[in-house]
1. Hey, any hits in segment 84-96 for a residue that's modelled with pLDDT under 95, outside the structural domain of residue 36 (by TED's automatic domain parsing) and more than 17 Å from the chain's Cα centre (by Cα)?
2. Return only the number of the condition from (1) without any contact (Cβ under 8 Å) to a residue 24 or more places away in the chain; (2) within 12 Å of the chain's Cα centre (by Cα) that residue 66 does not satisfy.
3. Do we have any residue at all in segment 73-87 that's in contact (Cβ under 8 Å) with a residue 60 or more places away in the chain and in a helix (DSSP H, G or I)?
4. Tell me which residues, restricted to segment 98-133, are assigned to a helix (DSSP H, G or I) and exposed (fewer than 14 other Cβ atoms within 10 Å of the Cβ).
5. Please state which of the following conditions residue 123 fails to meet, knowing it meets all the rest: (1) touching a helix residue (DSSP H, G or I) at 6+ places or on another chain (Cβ under 7 Å); (2) in contact (Cβ under 8 Å) with a residue 12 or more places away in the chain.
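The values are calculated or read from the model by the stated rules, or taken from the named source; none is laboratory data. Source: prediction; values computed, not measured. No Cβ is skipped: glycine too gets one built from the backbone with ideal geometry, and neighbour counts run over all protein chains shown.
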């Protein structure tokens, strides 16, 4: 039964869930946040000149988007697959609906676009999590 006893080395190792984050964990959310922030700032300026307010608006939208995306990527694997897929679907729908609401069209159209994108993202995420189970 000596093989079952913990070694001194084993007690000082960190588990995979408490290890430090690798740089690559930030790349995806940051790049998508940059794209989202640029897109939001572009829509918000409505073909006018680029102002400081537009730049800060884009930065704010991008940081919020990247923060939520990073949080979902870190917390999501601990959720049930249905809840995990629903979280990504809700996030995708809200993000797309918000961008569409910036165009100045009716709120009903923004809601329909958000629901369509959210349903698509949620179904795609559920399919991925269902077929790639451990």
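1. Checked segment 84-96: no residue is modelled with pLDDT under 95, outside the structural domain of residue 36 (by TED's automatic domain parsing) and more than 17 Å from the chain's Cα centre (by Cα).
2. Going through (1) without any contact (Cβ under 8 Å) to a residue 24 or more places away in the chain; (2) within 12 Å of the chain's Cα centre (by Cα) one by one, residue 66 breaks only (1).
3. Of segment 73-87, the ones in contact (Cβ under 8 Å) with a residue 60 or more places away in the chain are none.
No, segment 73-87 has no match at all.
4. 107, 108, 109, 112, 116, 119, 123, 127, 128, 130, 131
5. Tallying (1) touching a helix residue (DSSP H, G or I) at 6+ places or on another chain (Cβ under 7 Å); (2) in contact (Cβ under 8 Å) with a residue 12 or more places away in the chain, residue 123 fails exactly one: (1).
Listed here are the residues, each with its yes/no results for (1) outside any helix (DSSP H, G or I); (2) over 20 Å from residue 110 (Cβ atoms); (3) at pLDDT 90 or above; (4) in the same structural domain as residue 94 (by TED's automatic domain parsing).
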| residue | (1), (2), (3), (4) |
| --- | --- |
| 9 | no, yes, no, no |
| 34 | no, yes, yes, no |
| 43 | no, no, no, no |
| 49 | yes, yes, no, no |
| 53 | no, yes, no, no |
| 59 | no, yes, yes, no |
